[in-house]
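None of the figures in this text is laboratory data; all of them are computed from the coordinates on show. All figures in this text were calculated on a predicted structure; none of them were measured in a lab. All Cβ positions, even for glycine, are placed from backbone atoms using ideal geometry, and neighbour counts span all protein chains on display.
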Amino acid sequence: MAKLTVRDISVTGKRVFVRVDFNVPMEEKDGRMVVTDDTRIRETLPTIELLIKSGAKVILASHLGRPKGKREPSMSLRPVAARLQELLGKPVAFAEDCIGPEAENAVAALKPGEVLLLENVRFHPEEEANDPGFAEQLAKLADVYVNDAFGSAHRAHASTEGVARVIAKRGGVCAAGLLMERELKFLGDELENPARPFVVILGGAKVSDKINVINKLLEKADTVLIGGAMVYTFRLAQGYKVGKSLVEPDKIEVANAALEKAKRLNVKFMLPVDDVIAVPVKTDKLDKKGKPVMDYTNIRVNSDMNCPDDAAGLDIGPETVKAYSAEVLKAKTILWNGPMGMFEDSRFAEGTFAIARAVAEATAKGAKSIIGGGDSIKAINKAKLGDRITFMSTGGGASLEFLEGAVLPGVAALTDKPTGCCCSR
Ligand code: AMP
């Protein structure tokens, strides 16, 4: 069911609680925290600016990091208020708490068209517990609820779900922000009846993370192209040797079932015909998580489906790139989630970058390209092709769950659009 959006509702003079995703990276500089990447703030500007223009009293709420229910100064949203103020070119008030007198007084002082940012909702353990009393306190601040935080919509937290339920129960409206609207349009409506051929590219580390998406998309796609370490679970399922490749032996049956489903539904399901492999060697360095850093020697292309015992598959090979690019170039709709190899290491990035170039080229020829969040976006941006893609989802886990067909609590809580509804302003 389609949801009401900020464009459908009247907000003039009303207190509008907007759940945004201001979970931005920050760094300490000269004793203060500063925002190092403001992409997520910029992405919500259209919604905030529309609300300002419509004369709403804009109350912004977000989480930042994982403070585990405690006040953690390094995770305060105050630096975000400063950055937002610069981007909007108008004052942004800041409340030291998201509930209670501090927040209520700040809201009471707001005039139409003014903006307030509340402190990190996760400073209260009740946020993640979706505590009804806490949701009531948040709801006390507002007449209308807007959710523009698609990336948090798969979680039923107080600021993403509970508060909307309270406002709706009072007869208030709960609408999607413009960013959320775009996510629902591209990951939902556009893929419901895709222009064909519809080519799905799935990569990344694990079959277990993506199997629900694979199963769901097999029902819609014409072609599925598999890359990343996932390949090796499929290879194992087909009886090949995988050497030291990242693999999930306990997911062989799941992989076989997907192969059978593809056959049954007449979906062209492609696995690589060659791989870039290398011999992993432990170094004495440790990474940030304390795990040994690996190096790789004897990097080469392997066209045998069996991987040597001492080697691991780390990227798709050149023949696979050719075959996959040809499919991508025939597509009218492309959905991509997950890199084709261990692209963080430039020696194993070529497969991912080549597919990114093919997706950009297909888009230039008129295909709709949708990138389903996470590492594929990092890869597209690293290849400097971000502006040549139709839509890049801002939600990592949320995008995957949405593509799996799950009902996201943050979306379900929004008001359904009445049939035949158009803009009511
Ligand atoms: P995901 O979050 O599931 O999309 O997985 C992304 C991660 O998978 C990235 O960190 C990649 O380095 C990793 N990855 C992709 N292909 C491989 C591979 N062949 N071997 C090891 N890691 C891989």
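Which FRET efficiency, nearest 0.05, do residue 265 and residue 105 yield, Cβ-Cβ r, R0 51 Å? Calculated value: 0.30.
Taking 0.36 nm per residue of sequence separation and subtracting the Cα-Cα distance, how much length would be gained by fully extending the chain between residue 37 and residue 72, in nm to one decimal?
Values: separation 35, 0.36 × 35 = 12.60 nm, distance 2.03 nm.
Contour length minus Cα-Cα distance gives 10.6 nm.
For the chain, the Cβ-based charge dipole about the Cα centre amounts to some 820 debye (Lys, Arg positive; Asp, Glu negative; other atoms uncharged).
Using helices alone, what [θ] at 222 nm do you get for the chain, with -39,500 (n - 2.57) per DSSP H run of 4 or more residues, divided over all residues and rounded to the nearest 500? All intermediate terms of the calculation are to be shown ahead of the outcome.
Working: 15 runs with 140 residues, N = 425.
So the helix-based figure for the chain works out to -9500 deg cm²/dmol.
Note on segment 103-154 and segment 360-425: Cα centroid distance 25 Å, given to the nearest whole angstrom. Here the scattering of segment 196-366 is modelled by Debye summation over its C-alpha atoms, one equal scatterer each and no solvent; at q = 0.09, 0.17 Å⁻¹ the log10 of I(q)/I(0) is -0.30, -1.02.
For residue 87 and residue 250 in the same chain, what is the full-extension length gain: residue separation times 0.36 nm, less their Cα-Cα distance, in nm?
Working: separation 163, 0.36 × 163 = 58.68 nm, distance 4.93 nm.
Result for the pair: 53.7 nm of gain on full extension.
Between the DSSP loop rule and a limit of at most 14 other Cβ atoms within 10 Å, which GluC sites (Glu not before Pro) in segment 312-409 are left?
Details: sites: 319, 327, 344, 350, 361, 401, 404; in loops: 344, 404.
Within segment 312-409, the qualifying GluC sites (Glu not before Pro) (loop, at most 14 other Cβ atoms within 10 Å) are 344.
A prolate overall shape is assigned to the chain, the ratio a/c of its alpha-carbon gyration tensor axes (a ≥ b ≥ c) being 1.5 or greater and a/b exceeding b/c.
Once the Cα-Cα distance is subtracted from the 0.36 nm per residue extended length, the residue 238 to residue 185 segment shows a gain of 15.4 nm. If R0 equals 25 Å, the separation of the Cβ atoms of residue 323 and residue 381 corresponds to a calculated FRET efficiency of about 0.50. Here each label is just a point 7 Å from Cα along the line to Cβ, and for residue 298 and residue 364 those points are 4.0 nm apart.
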